[in-house]
Each structure stands twice: as C-alpha cells, then as structure tokens.
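Working notes, structure below.
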Amino acid sequence: MTTLDTGTPDLQATLHSGVLTLTMNRPDARNALSRAMLQAMQQQLVAAEFNNEVRCIVLTGAGKAFCAGGDVKGMAAAGDGTVGQRTVDEAIHQQRHSQRETAGRLFKMPKPTLAVLPGAAAGAGLSLAMACDLRLMSSSAFMTTAFAKVGFAGDYGGTYFMTQLIGAAKARELYMLSDRVSAEEALRLGLTNWVAEPEHLGARTNEITGRLAKGPAVAYRYMKENLNRAMAGEVDECLDLEATHHIHCGQTEDHKEAAKAFVEKREPVFKGR
C-alpha cells in the first residue's frame, strides 16, 4: 500500500492494487468539509484521472461518520454565512469551481467511483456520496439532506444526483423536510446499492473494489460516458454514442482477451488496454 501526500491531514489518500482510497479525516467534526480538504480532494481526483495505476476510487470518512457536509459551526462563528472576506461574486465563482472539481469530477471521472458510508452522510457530504457511481452503507449509517435545517438550498450537485437516482417527487420531499433516511430505507429507495453490517463493511468494500479494479478499464470509461449522457440525451444520440464506443471497445486488448477467455471457459485478465 502506498500512502500519498495530500498536503493536509484533513484528507488521507492511499493506493493499493489499483484502488485509490480518499478518506475525509476530521472525525471529531464528523468529517465536515474544510477548505483544505476540498482543495486536496480536487488535486487527488485530477491526478487519479490521468494515473493509469488508479483503476477505481473509493471515497469514505474516518471514524463513525462519512461526512457531515459543510462546517456549520465555522459558518456560525464567522457570522457571515458563506462569503467571508470575499465579494459575493468571488464567493460564487469559488463555490462553482469547488463543486465542479469535486462532485462534478467524481461524477464524470472515467473510472468507477464508490462511496463507502461508515456513518452519517449529510448535506454536501451526501451530495458527494451521490456523485459517485456506487454506494455502500453500514447498516448503522443514515442519510439526510439537512439543508433546510440550516437555511440552505443545497450544494455540490445533490439536487441533480438525487432527482436522477430516485425521482423528483421523493427528492423534493427529502430536501424540503430533511428527514433522516436509514440504510434500509436508502436501499429500498435506490440511494445505496448495498448495505453491510459495520464489522463487514471493510470486507465488502474490498470485494467490490477488487472486482472493479480488475475490470475492463477502457470499457468502463465509455460505459460511464454512455450512462451519464443517457441521463439527459435524446434516444438517437445515445444509440449513436453506444455504437461508436462499442466498435472502439471491440478493438481493445481487453475485449480480445475476454472473448478468448469465454471460449476457454476461464476468467479474463484485463490490463486496461
């Protein structure tokens, strides 16, 4: 396992067997987002996108929480909401950049992303979890939008991701009322893919990421683009894009290896080429 320097203790990063694990590391604050954490996350995601050794990405939290979202205590102490010493226009521009380079990059990343929730995911923390392709929750974890309770409309793409995942009516309910959603309910709604008992969370994470890291990297890249663009695309556009990517993937070493393995009745060994 290789430990990567993130430049801040607020975010830890390790790379092992093709799996980059980013751990939000402010357990005393339930891993509330700090500026240093977000900046480090941006840098790690950019690097991961272009690092062929990274085959999939895990986003998780230290301790008993995933991420409580924004640092509301810090906002209260500052007394000026989200602006600080900046102008409103400067604050908006920086917020837009941060959102695109974290939640946006997780969503568009041409590699599989998995959010692992050992505990609560709230506010922007929930948004980051929903930006990932897949989610695994501890049975003791819960989700909440939380924004209405602190007078915010929502950020880091959560309104988009939740609407796409579970539909507009339920997303409006969860945003406006900010109710807690248990792991069991999240599974029923489609907000998470799997639920595991706390003591089995690590093993289940390793099982899922092990499969993803050994998968066909080129196919994953285009599969993810197909799926993302299908969310808002017209049917002929999606059909044409699938055709282009299908033919391209057919020329890869991974496809040829998989076809050979199928005939030989064995598991393929993908190399991401």
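The values are calculated or read from the model by the stated rules, or taken from the named source; none is laboratory data. Since we're looking at a predicted model, the values are computed, not measured. Here the Cβ positions follow ideal geometry from the backbone for every residue, glycine too, while neighbour counts run over all protein chains shown. The protein model used for the area step is the full one, side chains on, heavy atoms only, and it has no ligands, DNA or RNA in it. Shrake-Rupley method; radii C 1.70, N 1.55, O 1.52, S 1.80 Å.
Here is a yes/no grid of residues against (1) assigned to a helix (DSSP H, G or I); (2) over 23 Å from T102 (Cβ atoms):
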residue	(1), (2)
Y156	no, no
Y160	yes, no
M176	yes, yes
D179	no, yes
L187	yes, yes
L191	no, no
E199	yes, yes
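Is there a residue being among the charged types (D, E, K, R) and out of contact with any Pro (no Cβ under 6 Å at 6 or more places or on another chain) anywhere in the stretch 127-134? No, because not a single residue in the stretch 127-134 is among the charged types (D, E, K, R) and out of contact with any Pro (no Cβ under 6 Å at 6 or more places or on another chain).
A single entry from V218, V235, V195 fulfils the requirement of being free of Cβ contacts under 8 Å to residues at least 60 places away in the same chain and either among the small types (G, A, S) or more than 22 Å from L165 (Cα to Cα) (or both): V218.
The set of residues in the stretch 107-142 being more than 21 Å from V19 (Cα to Cα), open to solvent by 10 Å² or more (accessible area, probe 1.4 Å) and not aliphatic (A, V, I, L, M) consists of S139, S140, F142.
Being of a type in the set (V, I, T), within 18 Å of G125 (Cβ to Cβ) and open to solvent by less than 90 Å² (accessible area, probe 1.4 Å) is the requirement here; does T8 meet it? Spell out how you get there, then give the answer.
Details: of a type in the set (V, I, T): yes; within 18 Å of G125 (Cβ to Cβ): yes; open to solvent by less than 90 Å² (accessible area, probe 1.4 Å): yes.
So T8 fits the description; yes.
The condition (being open to solvent by less than 30 Å² (accessible area, probe 1.4 Å) and hydroxyl-bearing (S, T, Y)) is satisfied by just one residue among T145, T159: T145.
Checking the structure you have, find out if any residue of the stretch 67-79 is at pLDDT 90 or above and either in a helix (DSSP H, G or I) or in contact with a Phe, Trp or Tyr (Cβ under 9 Å, 6 or more places away or on another chain) (or both). Yes, some residue in the stretch 67-79 is at pLDDT 90 or above and either in a helix (DSSP H, G or I) or in contact with a Phe, Trp or Tyr (Cβ under 9 Å, 6 or more places away or on another chain) (or both). Scan the stretch 176-185 and tell me whether some residue there is touching a residue at least 60 places away in the same chain (Cβ under 8 Å), more than 21 Å from K64 (Cβ to Cβ) and surrounded by fewer than 19 Cβ atoms within 10 Å (Cβ to Cβ). Among the residues of the stretch 176-185, not one is touching a residue at least 60 places away in the same chain (Cβ under 8 Å), more than 21 Å from K64 (Cβ to Cβ) and surrounded by fewer than 19 Cβ atoms within 10 Å (Cβ to Cβ), which makes the answer no.
Within the stretch 41-71, the only residue that satisfies the criterion of being within 11 Å of A121 (Cα to Cα) and of a type in the set (V, I, T) is T60.
Can you say whether A259 is farther than 25 Å from L165 by Cβ and part of a helix (DSSP H, G or I), as far as the supplied structure shows? For A259, the condition - farther than 25 Å from L165 by Cβ and part of a helix (DSSP H, G or I) - is met.
Would you say L227 is without any contact (Cβ under 8 Å) to a residue 12 or more places away in the chain, open to solvent by 90 Å² or more (accessible area, probe 1.4 Å) and within 21 Å of the chain's Cα centre (by Cα)?
Numbers: without any contact (Cβ under 8 Å) to a residue 12 or more places away in the chain: yes; open to solvent by 90 Å² or more (accessible area, probe 1.4 Å): yes; within 21 Å of the chain's Cα centre (by Cα): yes.
In short, yes.
Here's the yes/no breakdown for (1) under 15 Å from the mean Cα position of the chain (by Cα); (2) within 22 Å of G202 (Cα to Cα); (3) of a type in the set (A, V, I, L, M, F, W, C); (4) open to solvent by less than 10 Å² (accessible area, probe 1.4 Å):
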residue: L4; (1), (2), (3), (4): no, yes, yes, no
residue: T14; (1), (2), (3), (4): no, yes, no, no
residue: P27; (1), (2), (3), (4): no, yes, no, no
residue: N52; (1), (2), (3), (4): no, no, no, no
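What about Q43, is it open to solvent by 70 Å² or more (accessible area, probe 1.4 Å), in a helix (DSSP H, G or I) and modelled with pLDDT of 95 or more?
Against the criterion (open to solvent by 70 Å² or more (accessible area, probe 1.4 Å), in a helix (DSSP H, G or I) and modelled with pLDDT of 95 or more), Q43 qualifies.
Just to be sure, is R172 in contact (Cβ under 8 Å) with a residue 24 or more places away in the chain, surrounded by fewer than 17 Cβ atoms within 10 Å (Cβ to Cβ) and basic (K, R)? No: the conditions fail for R172.
Criterion applied to V58, V54, V46 was being touching a residue at least 40 places away in the same chain (Cβ under 8 Å) and within 19 Å of H97 (Cβ to Cβ), and the one residue passing it is V46. Can you confirm whether E242 is open to solvent by 90 Å² or more (accessible area, probe 1.4 Å) and not in a helix (DSSP H, G or I)? Here the answer is no, as E242 does not meet what is asked. Residues that are more than 19 Å from N52 (Cα to Cα), of a type in the set (D, E, K, R) and at pLDDT below 95 within the stretch 206-256 comprise R229, E234, D236, E237, D240, E242, K256, listed in sequence order.
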